[in-house]
1. Which pairs have Cβ atoms under 6 Å, sit 6 or more apart or on different chains, and link a residue in the stretch 75-94 that is over 20 Å from residue 30 (Cβ atoms) and modelled with pLDDT under 95 to one that is assigned to a helix (DSSP H, G or I) and within 14 Å of the ligand (Cβ to nearest atom)?
2. Closer than 16 Å to residue 43 by Cα, touching a strand residue (DSSP E or B) at 6+ places or on another chain (Cβ under 9 Å) and surrounded by 20 or more Cβ atoms within 10 Å (Cβ to Cβ), is that true of residue 194?
3. Here's a check for you: in the stretch 84-113, which residue that is assigned to a helix (DSSP H, G or I) and within 8 Å of the ligand (Cβ to nearest atom) is farthest from the chain's Cα centre (by Cα)?
4. Scanning the stretch 305-314 for residues that are more than 7 Å from the ligand (Cβ to nearest atom) and touching a residue at least 12 places away in the same chain (Cβ under 8 Å), which turns out surrounded by the fewest Cβ atoms within 10 Å (Cβ to Cβ)?
5. Can you go through 284, 320 and tell me which one is without any contact (Cβ under 8 Å) to a residue 40 or more places away in the chain and touching a helix residue (DSSP H, G or I) at 6+ places or on another chain (Cβ under 6 Å)?
6. Can you name every one of the helices (runs of 4 or more DSSP H) wholly within the stretch 181-266 that holds 2 or more residues which are free of Cβ contacts under 8 Å to residues at least 12 places away in the same chain and away from the ligand (no atom under 16 Å from the Cβ)?
7. Mind listing whichever residues of the stretch 43-82 are within 16 Å of the ligand (Cβ to nearest atom) and buried (at least 19 other Cβ atoms within 10 Å of the Cβ)?
8. Here are 46, 9: which of them is outside any helix (DSSP H, G or I) and within 29 Å of residue 207 (Cβ to Cβ)?
Ligand code: ARG
């Protein structure tokens, strides 16, 4: 297709390094959609004859049926998906096929195909994230008042509710969806018609092709159109961030499922056994989600490093944009499905969680707050008094709520029996009524609002 000025064909190695068909065949639907939009516009503008355009369009339909039915036969000599389609079109419609590439280059063609693919992928990932959010909401609703330890430094800090903890991941997923949506809105401009780099002398209607392909408008600068891969990088960056969030949840599930914690048990459907230790039930799916997040971060890195040194406009390095994006999409879609499945089917051991929440003097802050609120003690002093109470409980081998009033009063006479009202884990979580706090009523209100958000589509 470009051999006019060459005496010899490429070497086998040249063919191999040059070919992208093994992976870019995945763009066949987008490539056909772009070609059809281009052919219709060429016809409408009188750039090619109507009968040639009709033959081309019928040929493209035939190729679509072929590929949908039987896939595509790879030919390394035909480099990429664009040349495969064009070569097949020539077989079907003869010389008229050669008119399709008028006022177009593979540079604007691939930029268009890839944008279409990224756009579809964003939509599919958004669906996956929504399903994940729904799974979190359902479990959070069941456990809006289930008490578990809240941690900082992985040390028991204050009691929280499991519903609140799960809803933290809902909020992360919400931000992830909004990042994908932002990327989608920004990338929805059509590069088709930029041609090789400079635009074209033919009287194109770029508005028409943009509209036909569902873009908001044509891109504004032909050089930028063929050299920009921001849209893929933004997709990969949002994917990496989503993977990072899934990995954090996976890490928690792994910790919670270990015997010393015993907060959750994984269903058979999401665990594996050991070939030597018959008692084992391993959280492999969670571990793989945690592991795969590294590959998602790597995909962003791979393309960012590929792009960073490229002068305008197109360079062949950019052919390497596709594999990271394809791999990231496949990986993320699988990780989302696995996490959604795990969240939906985990069983939570509420007794173990509550017992752990009651340990570690987790209501010490409640005692200090009580001293401030009821006894009028300045917080710093209350902090100190509470520290002494913790020390006394530790020495007595009890929790704060089990310390006799005499011991508490020996530390500070301003304490009286009303303090026991705030020392239980139930009282502690119920009192956290500040906006965004862990009180079960607040958690239920947030769940209801979140359901509403999901109904309304965001
Ligand atoms: N297969 C190429 C890619 O993916 C298509 C663009 C090729 N353009 C060119 N001038 N060689 O980037």
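1. Listed pairs, sorted by first residue: 76/15.
2. On the way: closer than 16 Å to residue 43 by Cα: no; touching a strand residue (DSSP E or B) at 6+ places or on another chain (Cβ under 9 Å): yes; surrounded by 20 or more Cβ atoms within 10 Å (Cβ to Cβ): yes.
Taking the combined requirement at face value, the residue does not satisfy it.
3. Going residue by residue through the stretch 84-113, those that are assigned to a helix (DSSP H, G or I) are 84-99, 106-113.
Checking the rest, the ones that are also within 8 Å of the ligand (Cβ to nearest atom) come to 106-107, 109-110.
Working: 106: 30, 107: 28, 109: 27, 110: 24 Å.
Applying the filter and picking the extreme gives 106.
4. Of all residues in the stretch 305-314, those more than 7 Å from the ligand (Cβ to nearest atom) come to 305-313.
Going one step further and asking which of them are touching a residue at least 12 places away in the same chain (Cβ under 8 Å), we end up with 306-307, 310, 312-313.
Values: 306: 18, 307: 19, 310: 14, 312: 12, 313: 19.
Filtering the stretch 305-314 for residues that are more than 7 Å from the ligand (Cβ to nearest atom) and touching a residue at least 12 places away in the same chain (Cβ under 8 Å), the one surrounded by the fewest Cβ atoms within 10 Å (Cβ to Cβ) comes out as 312.
5. Working: 284 fails: touching a helix residue (DSSP H, G or I) at 6+ places or on another chain (Cβ under 6 Å).
Residue meeting the stated conditions: 320.
6. On the way: elements: 206-212, 222-227, 230-257.
Output list reads 206-212, 230-257.
7. Selection gives 78, 79, 80, 81, 82.
8. Working: 9 fails: within 29 Å of residue 207 (Cβ to Cβ).
That would be 46, the only listed residue that is outside any helix (DSSP H, G or I) and within 29 Å of residue 207 (Cβ to Cβ).
The values are calculated or read from the model by the stated rules, or taken from the named source; none is laboratory data. Everything numeric here is computed off the predicted structure, so don't read it as measured data. Cβ: placed from backbone, ideal geometry, glycine included. Neighbour counts: every protein chain shown.
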